[in-house]
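Okay, so here's the structure we're looking at.
Read-outs: derived from the displayed coordinates by stated rules, not from any lab. Source: prediction; values computed, not measured. Please note: Cβ atoms are built from the backbone with ideal geometry, for glycine as well, and neighbour counts cover all protein chains shown.
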Amino acid sequence: MTTTRWARRLTVFGSAIAATAMLATGIATATAGAATRTADTATGTLNIADEWGFSWPCQFNPFNANDFYFSFGPVYEELAYVDSINRGAVTPWLATAWTWSNGNKTLTFTIRKGVTWSDGQPFSAADVVFTFNLLKKNPALDLNADWSVLNSVVAKGADQVAFNFKAPSVSYFYYIADQTPIVPEHIWSTVKNPATFQDPHPIGTGGYVLSACSGANQRFTANPHYWQPGLPKIETVNFPSYLSNNAANQDLTSGVDQWGSQFIPNINKVYISKDPKYYHYWFAPVYSVALWPNLKNPILSDLAVRQAMAYGINRPLVGKIGEYGEEPGANQTDVVTPTFSSWYDSSLAAKYGNAYAYNPSKAISILEADGYKKGSNGIFAKNGKQLSFTIINNAGFSDWVSAVNVIQSELKAVGIQVTPDNLSGSTYSTDVSDGKFQLAYQWDTGGPTPYYELRQLLYSANTAPVGSPASSNYERYSSKSTDALLGDYVATTSSAVQHQLVDKLEQVMLSQVPVIPVTEQVDWYQYDTQHIAGWVTASNPYAQPGQYVTPDWGVVLLHLYYK
Amino acid sequence: MRFVVRRLGFFAVTVWAAISLNFMIPRLMPGNPAQVLVAEHPHLNPQALHSLLALLGGTTHQSLPSQYATYWEHVATFNFGISLTTSFGKSVDAMVYQALPWTLGLVGITTLLAFILGTFIGLISAWRRGTWLDSALPPIFVVTSAFPYFWMALLSIYIFSVTLGWFPSEHPYNIFTDSPNLNWHYVGDVLDHAVLPAFTILITAIGGWILTMRNNVITVLSDDYVRMARAKGLKPWRIMWHYAGKNAILPNLTGFAMSLGFIVSGAILVEYVFDYPGVGSLLLQSVNDLDYPLMQALFLLITMAVLLSVLAADVLTAVLDPRTREQS
């Protein structure tokens, strides 16, 4: 179990839909499945291989932190779809248009007409207003903390909804428009306790309706009245529950399942070689996995020590050995490439040794210049204090454990001793957020531009004193000038200005080395082209292809069709 | 009578201790479910989380004694609350009821089969000591029993599922084409899917029964009453069943009664490898997720099953073997 469902959780992004105009020709041939046809244009069956490790609870509340993955996308939909792996391209969805006004403090959506809920009731702007006020009344449902920045959400005219923010919040468009599912007022207004509502028969606007659910399988069937004409093309989607990784990999390699979101060790031999003509994979990098120094530690607060570590780690090698070569090495700007290459400031990176590319002799010379001397055991020391640290890690992620072993031997070679301390999942995450570590191996979460990740790393409001939980700034970095850069970004809708600001944030990462990105987390994604086409590819990244990414997996399902 | 009363008293004390330990142990473990939830969902507002936990009956800010009192109340009414992490919001009872039939069916039947077959093979091979049967079967099964469950499971998947394609390698039934209902097709499908996991459990569990039964029978065979029976000219099968077998089976029967208790805990590794949604898988998941209510319900279920079967074993032995009733 290299990755657990938890390990693979990340937030999402959306894409350009392109409502591909191909007609399903009706050759169907489902590998399995005897569902009845519901829509004339929808044919065939798609089976998903994604190990979650438990039997399905058959709960579909899209605001339940555990269950929203199962309904948000195919059943419940968003106002606008943001494709995080395609330059944050935005596609109108339940909203047809939007504008920022009032100094970027008001966001007004125009709501699409002619959309119906799957029970036949009409969808309207009132549902949108209801949904957001539901979150306000029930903070437990507000998974993205929309109301930490919102003042009010009100209807404007017949088909518009205005979102009033406390302060300019351009980056919150992503959470409001893409990450918040819209639910029907006529159903949810009668729910007594929305926080514990199980929603076993979800009614949404999406391309699919839930047709059957048992502990072993969730079955979705094409919604015959979907608002996007001619979609979806696939009639039945099976989402079986896999309790172990190997069982899911087994169904994927034998062709029973066509869409995989699996970690497969040695994927070329285990998966691709079974049917090289039709089996494919694409691992799109989405955010960084990093070595986090605790900046409150007196030795690690020394910039030279962190720089030496950044030069002393051979990042591609960590990805090659620790992650079977399935995750690329990261770079010190924390801009994930190639996904966000247009944001990567290569001329700036060149000034910092190509963003701290592996250079052990440089690492040693930095430490020597800082007054460190190698002791008889080969470890650098200054004033009697050795560069010797423990690094906490999640023992449940075997790939991370081997990645840290690589880091350990590499740093040893430049005279820095790190000792892995592999903790159980809950102890580990508590210690990370409470700052009870010297070094930690941990990831961030991403967003449609590198800004989201950088903000989580660097924003001082995201940190806390050691001993109290920090939400994402675990290294305890705090700088007024960096906060100002982050604040400027959310006050502008100009892409050029946003690029300039991210460049400056990259400079912060390069010059101050607050954290050391090591590898790039990817979306696990395998696909079988024998009968089904329309898959996400590197050249057509219309959505994040990980099945566990919401609402993207709904977008992917709408693009697939039987050849 | 005194014996039964004494046993029952002891049983009551053990039950109290077990239930109390079941309450304490999860609370002594590091971490708490709220932290797990936060880690899984970093955007969730901590205050919202606390209100949610309180709403769901999560006992995050109740004093320990009052938690203990509530806990007993729940135990008495078989109400174990709501899953906090594994399947957020789902009733724990429902989750256990969903998993239990699969485990009882698979592990229960294979335990029974292993006991019957093992005892029978042990008896025969002791009776026919020195024949090819005796020199082949016990050693083979003792060797297979020494293999770890999961290794055997992976091996059997490789041979019978991947290579030969005879049996499905996962899930309790064909989840793509079938859904639970009472018809022959579904029952046949379930049996088809149970073959490999059952085979694995059987082959790794049977050796123990064979070995103890065989040794017991050999000891019994040299007893005077067996010689007496032979001298009387009784038929060999009658001696084997009624004289040797009946006496030699006592220790095995006790062992069997005790193993019944462990049926409900499932075979974690087998269920994991075969993707079987039984109690073992549920237990593994609940511990991974620090799902207190679910863990407590499962541990309690297992503890009670073991205690009850130990009690049953005691009583059974007392009934079958008069010697154990008197203190020497």
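Say each of B:Tyr186 and A:Asp119 gets a label point 7 Å from the Cα, pointing the same way as Cα to Cβ; how far apart are those two points in nm?
The answer from the label model is 2.7 nm.
Return the FRET efficiency for the residue pair A:Ala538, B:Leu154: r is the Cβ-Cβ distance, R0 is 22 Å, and the value is rounded to the nearest 0.05. Spell out each step's value before the answer.
Working: r = 34 Å, r/R0 = 1.57.
Using R0 = 22 Å, I get an efficiency of 0.05.
Restricting to DSSP H runs of at least four residues, report the calculated mean residue ellipticity at 222 nm for chain B, -39500 (n - 2.57) per run over all residues, nearest 500 deg cm²/dmol.
-22500 deg cm²/dmol
Counting other C-beta atoms within 10 Å, which of B:His171, B:His185 has the fewest, and how do the rest follow?
Arranged by neighbour count, lowest to highest, B:His171, B:His185 become B:His185, B:His171.
Which residues does a label at B:Leu320 reach in the range B:218-235, if reach means a backbone N under 18 Å from a point 7 Å past the Cα toward the Cβ?
B:218-221
Going down the list A:Lys137/A:Lys436; A:Lys136/A:Lys233; A:Lys113/A:Lys136; A:Lys412/A:Lys480, which pairs span over 27 Å between their C-alpha atoms?
A:Lys137/A:Lys436; A:Lys136/A:Lys233; A:Lys412/A:Lys480
For peptide A:239-246, how many partner chain Cβ atoms fall within 10 Å of a residue's Cβ, on average? Walk me through the numbers before you get to the answer.
On the way: counts 1, 6, 5, 4, 15, 9, 0, 7.
If you average over the peptide's residues, the count of other-chain Cβ atoms is 6.
Going toward the positive end of the dipole of chain A, with +1 on Lys and Arg Cβ and -1 on Asp and Glu Cβ, which of A:Gly319, A:Gly114, A:Thr96 do you reach last?
Value computed over the given set: A:Gly319.
Have a look at the DSSP beta bridges in the protein assembly as shown and tell me what percent are antiparallel, nearest 5.
Values: 59 of 75 bridges.
Restricted to the protein assembly as shown, the bridges split so that about 80 percent are antiparallel.
Given bins 10 angstrom wide, list per bin the percent of all Cα-Cα distances in the range A:358-469, short to long.
13, 32, 35, 19, 1
Give me B:Ile159, B:Ile124 ranked fewest to most by other Cβ atoms within 10 Å of their Cβ, as a rough exposure proxy.
The most exposed by this proxy come first: B:Ile159, B:Ile124.
Check which residues have an amide H placed less than 5 Å from A:Ala284's amide H, if you skip close sequence neighbours.
It is A:Asp523, by chain and number.
Taking chain B as a Gaussian network, Cα atoms linked when under 10 Å apart, which of B:Ala153, B:Ala318, B:Ala267 shows the biggest mean-square fluctuation?
Sorting by GNM fluctuation, first place goes to B:Ala318.
Over the range A:135-198, what per residue volume does the convex hull of the Cα atoms give, in whole Å³?
Here the figure is 103 Å³ per residue.
Within 10 Å of each Cβ in peptide A:51-59, how many partner chain Cβ atoms are there on average? Round it to a whole number, please.
6
Report the full-extension gain for the segment A:Ser301 to A:Ala97: residue separation times 0.36 nm, less the Cα-Cα distance, to one decimal in nm.
Extending this stretch completely gives an extra 68.7 nm.
For the range A:70-83, in order, what is each residue's ³J(HN,Hα) by Karplus, 6.51 cos²θ - 1.76 cosθ + 1.60 with θ = phi - 60°, in whole Hz (x at glycine and Pro)?
Working through the residues one at a time gives 7, 10, 7, x, x, 9, 8, 10, 10, 6, 8, 9, 10, 8 Hz.
³J(HN,Hα) across the range A:536-548 via Karplus (A = 6.51, B = -1.76, C = 1.60, θ = phi - 60°), whole Hz, x for Gly/Pro?
3J(HN,Hα) across the range A:536-548, in whole Hz: 5, 9, 4, 8, 9, x, 6, 6, 5, x, x, 5, 8.
Using +1 on the beta carbon of Lys and Arg, -1 on that of Asp and Glu, and nothing else charged, what's the dipole of the protein assembly as shown about the Cα centre, debye to 20?
Charge dipole of the protein assembly as shown: 2140 debye, to the nearest 20.
5 Å is the cut-off here: which amide hydrogens, built 1.01 Å from N in the peptide plane, fall below it relative to A:Ala89, excluding neighbours closer than 5 in sequence?
Placed amide hydrogens put A:Asp83 under 5 Å from A:Ala89.
Sort all Cα-Cα distances of the range A:411-563 into consecutive 10 angstrom bins from zero, then give the percent of pairs in each bin up to the one containing the longest distance.
Over the range A:411-563, the share of Cα pairs per 10 Å bin runs 9, 28, 28, 23, 10, 1 percent.
Could you tell me which residue out of B:Met295, A:Val549, B:Val220 lies farthest along the dipole of the protein assembly as shown toward its positive end? Charges go on the beta carbon: Lys and Arg +1, Asp and Glu -1, centred on the Cα centre.
B:Val220
Go through A:Gly255, A:Leu210, B:Val264 and say which Cα lies farthest out towards the positive end of the charge dipole of the protein assembly as shown; charges sit on Cβ, +1 for Lys and Arg, -1 for Asp and Glu.
With unit charges placed on the Cβ atoms, the residue in question is B:Val264.
Compute the long axis of helix B:64-76 from its Cα atoms, compare it with the longest principal axis of the Cα atoms of chain B, and write down the angle in degrees, 0 to 90, nearest 10.
50
B:Thr144 to A:Ser388: FRET efficiency via 1/(1 + (r/R0)^6), r the Cβ-Cβ distance, R0 41 Å, to the nearest 0.05?
Using R0 = 41 Å, I get an efficiency of 0.25.
Among DSSP beta bridges lying fully in the range A:274-420, give the percent that are antiparallel, nearest 5.
The answer is about 50 percent antiparallel.
Using modelled backbone amide H atoms (1.01 Å from N, in-plane), which distant-in-sequence or interchain residues come within less than 5 Å of A:Lys156's amide H?
The answer is A:Val161, A:Ala162.
Grab the other residues whose beta carbon is less than 10 angstrom from that of A:Thr110, score K and R as +1, D and E as -1, and report the net. Don't jump to the answer; show the numbers that get you there.
Values: positive: A:Arg112, A:Lys113, A:Lys156; negative: A:Asp159.
Summing Lys/Arg as +1 and Asp/Glu as -1 gives +2.
What is the P(r) of the protein assembly as shown, as percent of Cα-Cα pairs per 20 Å bin from 0?
13, 41, 32, 12, 2, 0
Need the list of aspartates and glutamates near A:Lys156 for cross-linking: C-alpha distance under 16 angstrom, and skip anything on the same chain fewer than eight residues off.
A:Asp127
With contacts defined as alpha carbon pairs under 8 Å and 6 or more residues apart, what's the relative contact order of the range A:287-378 in percent?
The value is 33 percent.
Ignoring solvent entirely, what values of log10 I(q)/I(0) come out of the Debye formula for the range B:169-328 at 0.12, 0.14, 0.15, 0.20 Å⁻¹ when each Cα is a single scatterer?
-0.77, -0.92, -0.98, -1.24
Could you list B:Leu234, A:Leu210, A:Leu295 so that the one with the fewest beta carbons within 10 Å of its beta carbon is first and the one with the most is last?
B:Leu234, A:Leu295, A:Leu210
Which of the lysines could be linked to A:Lys351 by a straight reach, that is with a Cα gap under 19 Å, when you skip same-chain ones fewer than 8 residues away?
A:Lys362, A:Lys504
Taking 1 over the mean of 1/r across every pair of different Cα atoms in the range B:74-216, what Kirkwood radius in Å do you get? Walk me through the intermediate numbers first.
Working: mean 1/r = 0.0564 Å⁻¹.
The answer is 17.7 Å.
Residue by residue through the range A:325-330, what is 3J(HN,Hα) from phi via Karplus (6.51 cos²θ - 1.76 cosθ + 1.60, θ = phi - 60°)? Round to whole Hz and write x for glycine and proline.
x, 8, 10, x, x, 8
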